[in-house]
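Student: Just passing along the structure, written as structure tokens.
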Amino acid sequence: MKKTIIFPTLFLAFCLLAACHRPTDTELSAQRIAYARQLAGSGNFNQAKLELDSVHLLYPKEVGMRRQAKRLNDSIVYLESVRTLHYSDSVLQTLLPQTDQLLKSFRYQKDEAYEKRGKYVHRLLYTNSNIARCYLQAYVTDNRQTILKSYYYGAKAINHTAVDLAAGDIRCDISGTLHSFEAEGHYEILTMSEESALQALLFISNNKTERLKVTLQGKSNYVYYLQPNEKEALEQTYRLGILMKDIRLLEENMRLAQARISKWETKH
């Protein structure tokens, strides 16, 4: 009779002990690593890397498990880099023919004595008649950056630091860095950053059928209007600039991916 009472009591105590068992840090970190491996297997690389980061953050004393997390993370970075390399290359192959087609309307220009980099200038903007007049000049450099410059020439300096583009009531204001000099008149060159250049060229592209007013803003303002050939050239320069920027980013991603792949292959 006593035996029948003791056995259930011991069994109950065992169950309670098992229910109260708390998993160790080793077990918890192993669970996270297993989950990260599962995520990586389904292609969810970013979430998998976050899980592995949590192993280092939550269980700093689990050296062995952290080594496993590091090895798995390196493998994920390798797989991610291979995927990035293949994807970027496939997209690049679709952009290069588009770029080559657009470049037929451009001329390559480089002054070896003064310029470290050459530039692609649209044939409608590539003219010596630009001397001693006010105009916008846009081009794409051979390192795939888009540049926009505002040129002013007049009897007096206006020290313009911004350009206002207007198509009716729609406006676009951009600023830049001014360089000025005097030589049989006052010359001013306002150079915009690539971000500002693409912003202004996008505005021109979107409003190329409108009468586009250009206001040079400085101590005194100067106003002129873009001619149809200028709008066409600037619109095509925008298209080339966007393609070149995309190609630049793809090439940069491919370089980084290849560097990671080479690093992994060297270790393995």
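The values are calculated or read from the model by the stated rules, or taken from the named source; none is laboratory data. Bear in mind the structure is a predicted one, so any value in this text is a computation, not a measurement. Virtual Cβ from ideal backbone geometry, glycine too; neighbours counted across all protein chains shown. Side chains included, ligands, DNA and RNA excluded: accessible areas come from the protein's heavy atoms. Shrake-Rupley method; radii C 1.70, N 1.55, O 1.52, S 1.80 Å.
Student: What is the chain's relative contact order, in percent, from Cα pairs under 8 angstrom and six or more apart in sequence?
Tutor: Worked out over the chain, it gives 17 percent.
Student: Further, regarding this structure: Taking all protein chains together and a probe of 1.4 Å, list Met254, Met244 from the most accessible to the least accessible.
Tutor: Listed by decreasing accessible area, they come as Met254, Met244.
Student: Identify which of the listed values of mean projected area of the Cα convex hull in nm² was calculated from the structure shown: [x] 26.0; [y] 12.9; [z] 13.8.
Tutor: [x]
Student: Just flag the GluC sites (Glu not before Pro) in region 117-198 sitting in loop per DSSP whose Cβ has no more than 15 other Cβ atoms within 10 Å.
Tutor: Of the GluC sites (Glu not before Pro), the ones in loops of region 117-198 whose Cβ has at most 15 other Cβ atoms within 10 Å are Glu184.
Student: Divide the volume of the convex hull of the Cα atoms of region 58-144 by its number of residues and quote the answer in cubic angstrom per residue.
Tutor: Values: hull volume 18.1 nm³, N = 87.
Considering the Cα atoms of region 58-144, their hull volume per residue is 208 Å³.
Student: Which of rounded, prolate or oblate describes region 197-268 when judged by the alpha-carbon gyration tensor and an a/c cut-off of 1.5?
Tutor: Prolate is the answer for region 197-268, as a/c is 1.5 or above and a/b outweighs b/c.
Student: Assuming R0 = 51 Å, what is the FRET efficiency of Leu202 and Leu58, from their Cβ-Cβ distance, to the nearest 0.05?
Tutor: Values: r = 46 Å, r/R0 = 0.91.
The calculated FRET efficiency here is 0.65.
Student: How tilted is helix 63-102 with respect to the longest principal axis of the chain? Cα atoms for both, answer in degrees (0 to 90, nearest 10).
Tutor: Rounded to the nearest ten degrees, it is 30.
Student: Taking the Cβ-Cβ separation of Asp89 and Ile189 as r and a Förster radius of 41 Å, what is the calculated FRET efficiency to the nearest 0.05?
Tutor: 0.60
Student: Here is a further query. Just report the Cα centroid separation between region 179-221 and region 243-268, whole Å.
Tutor: What the calculation gives is 36 Å, centre to centre.
Student: Counting only heavy atoms of protein chains, what accessible area per residue, in Å², does the chain have with a probe of 1.4 Å?
Tutor: Here the per-residue accessible area is 62 Å².
Student: From the protein chains alone at 1.4 Å, what is the descending order of accessible area for Val63, Val77, Val140, largest first? Walk me through the intermediate numbers first.
Tutor: Working: Val63 75, Val77 40, Val140 0 Å².
In descending accessible area the options line up as Val63, Val77, Val140.
Student: Now, a different point. Quick check: net charge around Tyr59, other residues with Cβ under 9 Å of its Cβ, Lys/Arg +1 and Asp/Glu -1?
Tutor: With Lys, Arg at +1 and Asp, Glu at -1, the neighbours total +1.
Student: Still on this model: To test your reading of the geometry: what angle, between 0 and 90 degrees and rounded to tens, separates the Cα axis of helix 194-206 from the longest principal axis of the chain?
Tutor: Computed tilt is about 70 degrees.
Student: Please compute the modelled spin-label separation between Leu103 and Thr177, points set 7 Å along Cα→Cβ, answer in nm with one decimal.
Tutor: In this crude spin-label approximation the distance works out to 2.7 nm.
Student: Is region 118-264 rounded, prolate or oblate when judged by the Cα gyration tensor, a ≥ b ≥ c being the square roots of its eigenvalues, rounded requiring a/c under 1.5 and prolate requiring a/b larger than b/c?
Tutor: prolate
Student: Over the heavy atoms of Ser180, what accessible area does a 1.4 Å probe trace out, to the nearest 10 Å²?
Tutor: Answer for Ser180: close to 60 Å² accessible.
Student: If you don't mind, another one. Using mean Cβ contacts within 10 Å as the protection proxy, how do 35-43, 230-238 order, highest first?
Tutor: My ranking of the peptides, most packed first, is 230-238, 35-43.
Student: Still on this structure, please answer the following. Hey, what angle do you get for helix 25-41 against the long axis of the chain, alpha-carbon based, 0 to 90 degrees rounded to 10?
Tutor: 50
Student: Can I ask one more? Rank these residues by their accessible area, most exposed first, probe 1.4 Å: Ile242, Ile174.
Tutor: Largest to smallest exposure gives the sequence Ile242, Ile174.
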